[in-house]
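So the structure is just underneath, and the comments pick up after that.
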Amino acid sequence: MYESLKFTRGGKFTSNGTWCHAERVVDSNEIILVTEGEVFMFVEDEEYELYPGDVLKIDKGARHGGTKKSSHAAFFWFHFTLDEPLNTPTYSHPQNTERLFLITRELMHYAESDGYPHECADCIARVILHEIEHKKEEEHPTLSEVKEWIRKNRTKQITASVCAAYFGYNEDYLNRFFKKHAGCGLKEYINETRLTYIKSDLMMGGITLGEIAEKYGFSEYKYFSKYFKYHEKMTPSEYRRAYYKMHTN
């Protein structure tokens, strides 16, 4: 699907003070993924209030712009052309926004780094569209509750036993429950969630490696580096160097 997609340009916008999107019509499709603050937009005759994790799709030739000023806003954006119909809804809030942020940062890296063929950006843009369109399957209420608690506590040194105790379950039972309903063990899910956020921070500027280690509850950087290398087969600094390049305008 979307084999005709061609990525044209993209970047990350961060407002300085109050800001309102200019009114315009462009000769390409656009995706906006909000990462911070709020964005007030209209597309044709519909108005949208967008917050972190929200996605806005703007079709080629659609009139769009801001409806009012934001005190702070930050979002990824990218333009692309497409010969076939686009199934992505105008507004959506995808199931896994953390993964979507990570993939979008990778898109910016491949688009702006020398030595990669343009088709790399085309492929990742297609993945982003599929991620946006992915339908959230009905999830067991307990699984959703535990996942949300893990996400909220991602900066703490939580363990499977701590998680099980918080919800009043035996650790072995909750681990079996996770494997049945989530397809992975509880410990694996905790690490995967933490690493997704850590990698997201590593790909952003403005925060040092030491600050990231402290943010995620590591008393010393060497322990953070050892943890990251064990799971990712490279050090945090190696990972950051691999994905350092990104538009910020």
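The values are calculated or read from the model by the stated rules, or taken from the named source; none is laboratory data. Bear in mind the structure is a predicted one, so any value in this text is a computation, not a measurement. FYI the Cβ positions are ideal-geometry reconstructions off the backbone, even for glycines, and counts take in every protein chain you see. Areas reflect the complete protein model, heavy atoms only, side chains present, ligands, DNA and RNA absent. Shrake-Rupley method; radii C 1.70, N 1.55, O 1.52, S 1.80 Å.
For this structure, a couple of remarks:
- Within the straight-line cut-off of under 19 Å between alpha carbons, the lysines reachable from Lys152 are Lys187, Lys199, Lys215, sequence neighbours fewer than 8 places apart in one chain being disregarded.
- Extension reserve of the Lys152-Asp114 stretch, reckoned as 0.36 nm per residue once the Cα distance is removed: 10.0 nm
- Candidate residues His109, His134: accessible-area rank, largest first, probe 1.4 Å: His134, His109
- Linear extension gain, Glu145 paired with Met1, 0.36 nm per residue minus alpha-carbon span: 48.5 nm
- Taking all Cα pairs closer than 8 Å and separated by 6 or more residues, the relative contact order of the chain comes to 20 percent.
- Rg/Rg_ref, region 1-140, where Rg_ref = 2.2 N^0.38 Å and atoms are Cα: 1.02
- Each label point was placed 7 Å from the Cα along the Cα-to-Cβ direction; for Asp172 and Asn96 their separation is 3.0 nm.
- Distance in nm between pseudo-label sites at Ser71 and Tyr48 (7 Å out along the Cβ direction from Cα): 2.4
- Phi to ³J(HN,Hα) by Karplus 6.51 cos²θ - 1.76 cosθ + 1.60 over region 84-90, Hz, x for Gly, Pro: 9, x, 9, 8, 4, x, 4
- Glu232/Ser161 FRET efficiency (R0 41 Å; Cβ-Cβ; nearest 0.05): 0.95
- Sparsely packed GluC sites (Glu not before Pro) within region 113-181, loop by DSSP, other Cβ within 10 Å at most 15: Glu137, Glu138, Glu139
- Low-density loop cleavage sites - trypsin sites (Lys or Arg not before Pro) in region 76-155, where at most 10 other Cβ are within 10 Å (DSSP): Lys135, Lys136
- Take the Cα of Arg24, step 7 Å toward its Cβ, do the same at Ser219, and the gap between the two points is 5.2 nm.
- At R0 = 45 Å, FRET efficiency that the Cβ-Cβ distance of Asn87 and Lys179 yields, to 0.05: 0.85
- Set Lys12/Lys68; Lys12/Lys69; Lys12/Lys60; Lys147/Lys229; Lys6/Lys233 screened for pairs whose C-alpha atoms are more than 28 Å apart: Lys6/Lys233
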